[in-house]
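The values are calculated or read from the model by the stated rules, or taken from the named source; none is laboratory data. Bear in mind that the values here come from a model prediction, so they are computed numbers and not experimental data. Here the Cβ positions follow ideal geometry from the backbone for every residue, glycine too, while neighbour counts run over all protein chains shown. Side chains included, ligands, DNA and RNA excluded: accessible areas come from the protein's heavy atoms. Shrake-Rupley method; radii C 1.70, N 1.55, O 1.52, S 1.80 Å.
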Amino acid sequence: MKAWVVSLLCGILAGVIYAAITVHSPAPPVVALLGLFGMLVGEQLIPIGRRLLSRQLTLTWFRHECVPKISGTPPPSRPDDGREG
């Protein structure tokens with residue numbers, strides 16, 4: 001979460017600088033950013049579907065495999081239970 005806050009604050013600072021020097025930001029519009037987010041979520045639908053069909057879908061797997069790929073954060077640490085995931 002800290003990286004997200006720092007990123008947002010840096011973006012706001014860049015926006016203020018662009019506005020101060022009256023230059024348009026090269027950033028894509030919000031609709032494009034939502035499309036990129038949709039792509040990240042969509043990439044995870046096939047692995048989730050496969051796990052769901054094989055009855056191997058667990059919240060632990062989802063948190064460790066899918067959430068980091070969507071959010072860009074490191075995967076949470078798992079307790080070592082001696083099993084491969």
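Structure notes:
- Percent carbon-and-sulfur accessible area, the chain, ignoring ligands, DNA and RNA, probe 1.4 Å: 69
- Taking the Cα centre of the stretch 1-70 as origin and assigning +1 to Lys and Arg Cβ atoms and -1 to Asp and Glu Cβ atoms, the resulting dipole is close to 340 debye.
- log10 of Debye I(q)/I(0), alpha-carbon scatterers only, for the stretch 17-72 at 0.17, 0.30 Å⁻¹: -0.65, -1.13
- Residue-by-residue Karplus 3J(HN,Hα) for the stretch 57-71, coefficients 6.51, -1.76, 1.60, Hz, glycine and proline x: 7, 10, 5, 4, 4, 4, 5, 7, 9, 8, 4, x, 6, 7, 8
- For the chain, the membrane-span-like helices by this rule, meaning whole DSSP H stretches whose C-alpha atoms cover at least 24 Å of axis and whose Kyte-Doolittle mean is 0.0 or above, are 2-20; this says nothing about an actual membrane.
- In the context of the full set of protein chains, the chain has a per residue accessible area of 85 Å² (1.4 Å probe).
- Subtracting the Cα-Cα distance of Val30 and Thr58 from 0.36 nm times their residue separation leaves 6.8 nm of extension gain.
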